[in-house]
Amino acid sequence: MQDLLESFTLSENVPKNIVHNTELLLKLYRKVEFAVKCHLRELDEELYVTERKRLSDFVHNLINCDLGKERQRLQDRLASADTSLCLLELMEDALLLLKSYPDNGELYYKLLRYRYFDSYGNSNEELMEILNLSRSTYYRQKKKAVKLYASVLWSLSLPKPSDNVGHTCQNRAS
């Protein structure tokens with residue numbers, strides 16, 4: 001928890017290139033989510049045609065099976081999809097933490113959620129209207145939201161000195 005508090009207080013010191021890269025990552029969120037869903041749907045269809053099994057059945061049986069060449073290829077594709085899903089989950093976790101920030105956290109959450117995370121992806125002009133903000137206020141608050149989000153996101157994803165490994169998708173099974 002102390003690390004999280006530090007990330008909020010250090011948000012003013014986030015380098016410009018980190019903020020810029022975070023905004024680029026936010027812009028890619030919906031495209032990556034779409035690509036992963038399509039990829040998993042294709043895998044499911046391919047497995048059904050070749051094995052007469054659904055992807056979920058295959059994953060359950062994967063642990064105890066001897067992997068042939070084709071099964072190894074499918075396992076590699078699943079691992080790739082899992083990596084992308086972990087990134088998306090990490091981004092969503094950071095957004096939820098941002099929501100609880102005491103100074104405008106709810107506004108920052110809405111700005112980023114409606115702009116980058118929702119499947120529709122509202123334009124800046126639409127958000128100004130939805131959130132009832134003037135143009136200058138909107139862009140000022142959006143800049144602060146992205147900066148704070150970058151601070152939270154990278155504090156979550158970087159391994160702490162006490163960690164043996166970086167962040168993993170621990171909540172995937174739940």
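A short reminder: the numbers here are calculations on the coordinates, not readings from a lab. All values reported here derive from a predicted model rather than from experimental measurement. Here the Cβ is made from the backbone with ideal geometry for all residues, glycine too, and neighbour counts use every protein chain on show.
A few comments on the model shown:
- Protection-proxy order for peptides 37-49, 100-112, each taking the mean of Cβ atoms within 10 Å per residue, highest first: 100-112, 37-49
- Each residue of the range 122-128 was assigned a 3J(HN,Hα) from its phi angle through the Karplus expression (A = 6.51, B = -1.76, C = 1.60, θ = phi - 60°), giving 4, 6, 4, 5, 4, 5, 4 Hz with x at Gly and Pro.
- In Hz, Karplus ³J(HN,Hα) per residue of the range 130-137 (6.51, -1.76, 1.60; θ = phi - 60°; x = Gly, Pro): 4, 8, 6, 10, 5, 4, 5, 5
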